[in-house]
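These notes are about the structure you will find just below.
The values are calculated or read from the model by the stated rules, or taken from the named source; none is laboratory data. This one's a predicted model, so the numbers in the text were calculated from it and none came from an experiment. Cβ placement follows ideal geometry from the backbone for every residue including glycine, while neighbour counts extend to all protein chains displayed.
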């Protein structure tokens with residue numbers, strides 16, 4: 001579709017800057033930028049994680065305790081003491 005629209009100088013500067021960066025034609029750059037801006041934005045704040053009852057079994061920030069717990073679990077699965 002062909003249409004005529006008047007672009008503000010700052011918008012033209014942004015498109016020209018993008019064209020210089022990508023090497024695209026004016027038409028291709030405008031279409032790509034319009035498609036990108038028309039997409040719904042990602043939510044600003046991700047949903048909160050649910051709080052589970054009880055206490056954590058181990059502190060995952062303590063890497064050595066986590067590795068030891070995993071090793072113990074593997075040994076138990078293999079039947080090794």
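Considering each residue of region 2-10 in turn, at least one proves to be out of contact with any helix residue (DSSP H, G or I) (no Cβ under 6 Å at 6 or more places or on another chain), assigned to a helix (DSSP H, G or I) and modelled with pLDDT of 85 or more.
To keep it simple, each residue is scored yes or no on (1) surrounded by 11 or more Cβ atoms within 10 Å (Cβ to Cβ); (2) closer than 30 Å to residue 73 by Cα; (3) in contact with a strand residue (DSSP E or B) (Cβ under 8 Å, 6 or more places away or on another chain).
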| residue | (1), (2), (3) |
| --- | --- |
| 2 | no, no, no |
| 24 | yes, no, no |
| 36 | no, no, no |
| 49 | no, yes, no |
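Filtering 24, 51 for residues that are assigned to a loop (DSSP other than H, G, I, E, B) and within 17 Å of residue 7 (Cβ to Cβ) leaves a single hit, 24.
One residue alone among 58, 33 is in contact (Cβ under 8 Å) with a residue 12 or more places away in the chain and touching a helix residue (DSSP H, G or I) at 6+ places or on another chain (Cβ under 9 Å), and that residue is 33.
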